[in-house]
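The values are calculated or read from the model by the stated rules, or taken from the named source; none is laboratory data. Keep in mind it's a predicted model, so treat the numbers as computed, not measured. Note: ideal-geometry Cβ built from the backbone for every residue, glycine included; neighbour counts use all protein chains shown.
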Amino acid sequence: MSSEPKAMTVPTPEAATVPEKRRRGRPAESKEKNNAMVLFYLGEASEDPSSRVTLKEECASEGDAMIESLKKGVPYFRIEVWKARAVVKDGGVEVMKDQISVRA
């Protein structure tokens with residue numbers, strides 16, 4: 001062990017002033033733009049967390065579901081539709097999922 005001071009790297013002022021690029025998550029409705037089937041429903045308000053979910057009213061968009069949820073004081077649900085498929089590889093079966101798209 002030596003008592004000599006160790007050199008440290010200090011960033012230049014130019015590097016310190018460059019803002020970092022932020023990564024953003026996808027907006028909630030971006031999957032709809034990819035033709036994925038996403039459904040929005042108002043639910044039934046329940047105080048019991050172990051009770052079953054009851055879907056009451058379908059909404060046209062997540063924005064509509066949010067507004068109606070706020071007005072009525074009930075939760076809303078976002079449902080993505082998926083389908084399972086089997087893929088046989090090397091004598092084994094792998095279960096994959098495919099997102100169902102909206103039919104035009």
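Tabulated values for the structure
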read-out: Hits in the range 49-77 (condition: within 24 Å of residue 36 (Cβ to Cβ), at pLDDT 95 or above and basic (Lys, Arg)); value: none
read-out: Selection from the range 80-104 of residues that are of a type in the set (A, V, I, L, M, F, W, C) and either in a strand (DSSP E or B) or touching a Phe, Trp or Tyr at 6+ places or on another chain (Cβ under 6 Å) (or both); value: 82, 84, 86, 87, 88, 93, 95, 96
read-out: The range 77-104 residues that are farther than 24 Å from residue 54 by Cα, paired with ones that are of a type in the set (Phe, Trp, Tyr) (beta carbon under 6 Å, 6 or more apart); value: 97/82
